[in-house]
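Chemist: Structure incoming, see below.
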Amino acid sequence: MSYPYQIKSVEHYHEQYQKSINDPASFWSEIANNFVWHKKWDQVLNWNFNEPKVEWFAGGKLNITENCLDRWAETQPDVAAIIWEPNEPSEKTRTITYKDLLLHVCQFAQVLKNNGAKKGDRICIYMPMIPELTIAILACARIGAIHSVVFGGFSAQSISDRIQDAACNIVITADGVYRGNKVIPLKSVIDEALKTCPSVEKTIVYNRLQLSVSMNDGKDVWWNKEIQKVVDKNIQFIPAESMDAEDMLFILYTSGSTGKPKGVVHTCAGYMVWANYTFVNVFQYQSRQIHFCTADIGWITGHSYIVYGPLSAGATSLMFEGIPTYPDAGRFWSIVEKHNVNILYTAPTAIRSLMSFGKEPIEGKNLESLQVLGTVGEPINEEAWHWYNENIGNKRCPIVDTWWQTETGGVLISNIAGITNAKPSFATLPLPGVQPVLVDEQGNNIEGNGVSGNLCIKFPWPGMLRTTYGDHERCRQTYFSTYKNLYFTGDGCLRDQDGDYRITGRVDDVLNVSGHRIGTAEVENAINMHAGVVESAVVGYPHDIKGQGIYAYVIFNGEINEEVEVKSAIAKTVSTVIGAIAKPDKIQFVSGLPKTRSGKIMRRILRKIAEGELTNIGDTTTLLDPSVVEEIKKNRL
Ligand code: WT7
């Protein structure tokens, strides 16, 4: 199989880029013609960033699962769609062909229907990284239900917030999950979450670990038993629901600068085209290659580059349940060797962590199958880039540094594997359809090369978010109000002398910890839930492995006898409220916080101190009480 829209050379890239800018409608309609539609669109693009309104392929009718499954089940039924590698190397690998994946998805879609699911319902999926997670996602899409996948590491409270926000009526989960040598009891986390989720009518539980779990009569059903009922009725196929191009496909919650995560909404057609186009082009996917994206499907990377991008391209997608360091730090390399992986897509934090184990875990592993490497999630430092290039790619694999966001649906800025130039720590050039601009604080366009500013995008691309669930005004406020007629990414960016883009990190109050996006306000809210905490302020600081670590300044009420104990109790509170990923790395007790006279915390100062920048912290004269700064500096951790 080949992809007629795959970019073939540097000249071709430039030519396609120009075409996508000069005539977006004909550019994207040519690409969209490569998909299966029930009815073609009436209008390619209809937009204005003021409302904001963005519609791609309006009037078109389709179902993404026919593009991911049916067409391949027909033309390449025995090709592996999913190769699954379990947490325990001793457990059996599973390979699921396109024909079988279609069967499983149809059967589970019928299970969903039997349990009351309808088109437009929101369904929360809290599952381990097992093929059933992909099956559940696609089954929702098959019947037109909107999936909201919640990462398996989130706490009961976080799940409950997300379920309530979207008013989900069904939850799909499992008894538990292995993560390294730990067992995480997902079903009991869900039981806790559902105490505050009146909208949920049914919970479907997959039996992964044979754990004993409590099943609520009438409300909780077993995946396997429900499937058996469908099998007994000999149901092997159900037709796909005909969806409008702009119907919602999924919601994925992500953090912003306020305390409450936002439900980013992606729609059927535009997202499909974007996930597919970027997958095929950035990685230069060739028929029958094995693509291994190490992300969890609970994040957008997994949605777009484990599930929808690869499957819509008829690719073979490798799904891994475990963690990079279990049973040892050679796990990724063993998987590459075992399955002859051709494309490896991972995060800088994973690279840095594996780097710290030295070369021993790589020795004796055959990595010759690798052809393309990728990174995503945060800026990659040059040291990690070179280590990846030399030790994993053996200097013969292009590395794509892919910049994008939950909101963008897929990659926006990246080099194209083996076609356009890579430059360590640069995402380099925009993909066709993407029009980046750099602006200053006032929103003035910064033209030319060798400049930095805030990164905005001035024209819609098919994969962009359409709204934030249940709160369109919030979408406008967050992304479209800072700068008129621009989508604001929240990232700072440099455009160098060659016109290449280098993302320098968030310019808002959002942290990037091990590639996970965490709002400082969210962590503060969580810390403040500890009964002894009066107030707190959270900032990021550079961390060797995680990229950014979480530094919390806390005003504590009363005596602190055992500092270690109080700190661990605060960290535990954060774990309970958000999840372990948001635990502060450092907690410093302070008697006050640097505030302006109007009561605003001066984070700039706290950030400088956390970074170890003690001499050059800037003007403190506007502070209500400048003396707290001296105290904070003195007791810095
Ligand atoms: C933020 C988005 C996109 C999937 C994973 C994260 C940062 C992402 C890069 C990169 C520098 C990057 C940005 C962005 N980011 N990729 N290649 N180079 N920074 O998705 O959780 O929505 O986070 O991750 O700061 O805004 P997300």
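The values are calculated or read from the model by the stated rules, or taken from the named source; none is laboratory data. Quantities reported herein were computed from a predicted structural model and do not represent experimental measurements. Cβ: placed from backbone, ideal geometry, glycine included. Neighbour counts: every protein chain shown. SASA here: full protein model, heavy atoms, side chains in, ligands and nucleic acids out. Shrake-Rupley method; radii C 1.70, N 1.55, O 1.52, S 1.80 Å.
Chemist: Checking the cross-link filter: which aspartates and glutamates have an alpha carbon closer than 17 Å to that of residue 395, excluding same-chain neighbours under 8 positions apart?
Modeler: Cross-link targets: 363, 368, 382, 383.
Chemist: Can you pull the percent of the chain's accessible area that's carbon plus sulfur, 1.4 Å probe, other chains left in place? The partial results should precede the final answer.
Modeler: Working: 11350 of 23850 Å².
Of all accessible area on the chain, carbon and sulfur atoms account for 48 percent.
Chemist: If the reach is capped at under 16 angstrom between alpha carbons, list the lysines near residue 229, excluding any in the same chain fewer than eight residues apart.
Modeler: Partners within reach: 113.
Chemist: Can you pull out the GluC sites (Glu not before Pro) in the range 309-418 whose DSSP state is coil and whose Cβ has at most 11 other Cβ atoms within 10 Å? Walk me through the numbers before you get to the answer.
Modeler: Working: sites: 321, 337, 363, 368, 382, 383, 390, 407; in loops: 321, 363, 368.
Loop-located and lightly packed - 363, 368.
Chemist: Considering Cα pairs under 8 angstrom that are at least six residues apart, work out the relative contact order of the chain and quote it in whole percent.
Modeler: RCO, the chain: 12 percent.
Chemist: Excluding residue 478 itself, what net charge comes from residues whose Cβ is under 10 Å from its Cβ, given Lys and Arg +1 and Asp and Glu -1? Intermediate results must be reported in sequence, preceding the final value.
Modeler: On the way: positive: 262, 474, 476; negative: 407, 471, 473, 508.
Summing Lys and Arg as +1 and Asp and Glu as -1 gives -1.
Chemist: For the chain, which cysteines have no disulfide-compatible partner, meaning no other cysteine Cβ under 4.7 Å?
Modeler: So far as the 4.7 Å Cβ criterion goes, 68, 106, 140, 197, 268, 293, 397, 456, 475, 493 stand without a partner in the chain.
Chemist: Assuming R0 = 35 Å, what is the FRET efficiency of residue 444 and residue 164, from their Cβ-Cβ distance, to the nearest 0.05?
Modeler: On the way: r = 41 Å, r/R0 = 1.18.
Efficiency, from the Cβ-Cβ distance: 0.25.
Chemist: Between the DSSP loop rule and a limit of at most 15 other Cβ atoms within 10 Å, which trypsin sites (Lys or Arg not before Pro) in the range 558-637 are left? The partial results should precede the final answer.
Modeler: Values: sites: 567, 572, 586, 595, 597, 600, 603, 604, 607, 608, 633, 634, 636; in loops: 597, 600, 636.
Passing sites in the range 558-637 are 597, 600, 636.
Chemist: A follow-up question, please. Would you mind getting the accessible area per residue of the range 277-342, heavy atoms of the protein chains only, 1.4 Å probe, in Å²?
Modeler: Values: 1330 Å² over 66 residues.
With the other protein chains kept in place, the range 277-342 gives 20 Å² per residue.
Chemist: Here's another thing I want to ask about it. Once you've got the Cα coordinates, tell me which of 365/546; 187/225; 195/233; 423/546 are over 24 Å apart.
Modeler: Numbers: 365/546 26 Å; 187/225 17 Å; 195/233 34 Å; 423/546 22 Å.
Correct reply: 365/546; 195/233.
Chemist: Starting from the range 420-516, pick out the GluC sites (Glu not before Pro) whose DSSP state is loop and whose Cβ has at most 11 other Cβ atoms within 10 Å. Walk me through the numbers before you get to the answer.
Modeler: Details: sites: 441, 447, 473; in loops: 441, 447.
Passing both the DSSP loop test and the Cβ count: 441, 447.
Chemist: Still on this structure, please answer the following. Taking square-rooted eigenvalues a ≥ b ≥ c of the alpha carbon gyration tensor, is the range 510-634 rounded, prolate or oblate, where a/c under 1.5 means rounded and, failing that, a/b exceeding b/c means prolate? All intermediate terms of the calculation are to be shown ahead of the outcome.
Modeler: Numbers: a/c = 1.72, a/b = 1.23, b/c = 1.40.
Judged from the Cα gyration tensor, the range 510-634 comes out oblate (a/c at least 1.5, b/c at or above a/b).
Chemist: With both partners inside the chain, how many of the DSSP beta bridges are antiparallel, as a percent to the nearest 5?
Modeler: Details: 61 of 101 bridges.
Of those bridges, close to 60 percent are antiparallel.
Chemist: Tally Lys/Arg at +1 and Asp/Glu at -1 over every other residue whose Cβ is under 14 Å from the Cβ of residue 34; what's the total? Intermediate values should be presented prior to the final figure.
Modeler: Details: positive: 40, 71; negative: 30, 66.
Here the count lands on 0.
Chemist: Could you order 516, 303 so the one with the most accessible surface comes first? Probe is 1.4 Å. Before the final figure, lay out the partial values.
Modeler: Values: 516 40, 303 0 Å².
Descending order: 516, 303.
Chemist: Taking the Cα centre of the range 1-117 as origin, work out the dipole magnitude from +1 charges on Lys and Arg Cβ and -1 charges on Asp and Glu Cβ, in debye rounded to 20.
Modeler: Details: 11 positive and 15 negative charges, 61 e Å.
My answer is approximately 300 debye.
Chemist: Based on Cβ point charges of +1 for Lys and Arg and -1 for Asp and Glu, what charge dipole magnitude is obtained for the range 96-241 about its Cα centre, in debye rounded to the nearest 20? Before the final figure, lay out each step's value.
Modeler: Working: 17 positive and 14 negative charges, 41 e Å.
Using Cβ point charges on Lys, Arg, Asp and Glu, the range 96-241 gives about 200 debye.
Chemist: For a Förster distance of 22 Å, can you work out the FRET efficiency between the beta-carbons of residue 366 and residue 287, rounded to the nearest 0.05? The partial results should precede the final answer.
Modeler: Details: r = 23 Å, r/R0 = 1.03.
About 0.45, to the nearest 0.05.
Chemist: Something else: Give me the net charge for the shell around residue 558: Cβ to Cβ below 15 angstrom, other residues only, Lys and Arg +1, Asp and Glu -1.
Modeler: On the way: positive: 567; negative: 535, 559, 562, 563, 565.
Here the charged neighbours net out to -4.
Chemist: Also, I was wondering about something else. Report, in deg cm²/dmol and to the nearest 500, the calculated mean residue ellipticity at 222 nm for the chain, where each DSSP H run with n ≥ 4 adds -39500 (n - 2.57) and the sum is divided by the residue count.
Modeler: Working: 18 runs with 174 residues, N = 637.
The helix-only estimate for the chain comes to -8000 deg cm²/dmol at 222 nm.
Chemist: Just check the chain against the gyration tensor rule for me: Cα atoms, a ≥ b ≥ c as the square roots of the eigenvalues, rounded for a/c under 1.5, and otherwise prolate or oblate depending on whether a/b exceeds b/c. Could the numbers behind the result be given before it?
Modeler: Numbers: a/c = 1.45, a/b = 1.21, b/c = 1.20.
Rounded shape, in that the Cα axes give a/c under 1.5.
Chemist: Give me the distance in nm between label points sitting 7 Å out from Cα along the Cα-to-Cβ direction at residue 201 and residue 458, one decimal.
Modeler: For the pair residue 201/residue 458, the computed spacing is 5.0 nm.
Chemist: Test of understanding: extend the Cα→C-beta vector of residue 560 to 7 Å, then name every residue of the range 612-637 with backbone N under 15 Å from that spot.
Modeler: 631-637
Chemist: Also, I was wondering about something else. Suppose all protein chains stay in the model; what accessible area per residue would a 1.4 Å probe give for the range 168-223, in Å²? Present the calculation step by step, with values, prior to reporting the outcome.
Modeler: Values: 2570 Å² over 56 residues.
Accessible surface, normalised per residue, equals 46 Å².
Chemist: Evaluate the charge dipole of the range 49-114 about its Cα centre and quote only its size in Debye, nearest 20, assuming +1 on the Cβ of each Lys and Arg and -1 on the Cβ of each Asp and Glu.
Modeler: Working: 7 positive and 10 negative charges, 40 e Å.
Rounded to the nearest 20 debye, it is 200 debye.
Chemist: Could you please state, rounded to a whole Å, how far the C-alpha centre of the range 35-92 is from the C-alpha centre of the range 231-297?
Modeler: Centre-to-centre (Cα) distance: 7 Å.
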